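Before anything else, here's the structure in question.
Only the coordinates and a few stated rules stand behind these numbers; no lab work does. Given the structure is predicted, the values throughout are model-derived calculations rather than measurements. Neighbour counts run over all protein chains shown; Cβ positions are idealised from the backbone, glycine included.
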Amino acid sequence: MIDFKNGSIFKLKKSDGAAMAVEPLLIPGETVIGSYKGVRDSVTFTNKRAIAVNVQGMTGKKKDYTSLPYSKVQAFSVETSGVFDLDSELELWFSGVGLVKFEFTGASDIIKIGQAIGSFVL
């Protein structure tokens, strides 16, 4: 499992290719909202959960998939990008895990992700 205790673990950019890595894990009725990639790791947001992919080892063949279901979110925060600060952030507080913080660069669907999370939490 990804070590979420180290604060912000992702500086993510929009990536359509990252969703293909998690497609075998999706359940019937689950659709991808957006996929984002860091240097090696990635996260895909669906209408039911966030799936974080931690690439391990020198070759990158070993991968850890962490499923973070929105139904376990106790609180969340969405910070959109501004004029000078182009980064946006998503903070999720999960029962049993604690704070998980994602940082996004450039254009992201942060509002759409926030709406999906809100539909499960509220």
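Can you pull the one-decimal nm distance between simple spin-label points at residue 25 and residue 91, each 7 Å off the Cα toward Cβ?
2.5
Sticking with this structure for a sec: How long is the gain from residue 67 to residue 47 if the chain were fully straight, where each residue apart is worth 0.36 nm and the alpha carbon distance is subtracted?
Working it through step by step, the gained length comes to 5.9 nm.
While we're here: Gaussian network model of the chain, Cα springs within a sub-10 Å range: biggest mean-square fluctuation belongs to which of 26, 90, 68?
Looking only at 26, 90, 68, the biggest GNM fluctuation is shown by 26.
Could you give the semi-axes, largest first, of the ellipsoid that matches the stretch 4-121, computed as the square roots of 5 times the alpha carbon gyration tensor eigenvalues and rounded to whole Å?
Square roots of five times the eigenvalues give 20, 18, 15 Å.
By how many nm would the segment from residue 122 to residue 101 lengthen if fully extended, with 0.36 nm per residue of separation less the alpha-carbon distance?
5.6 nm
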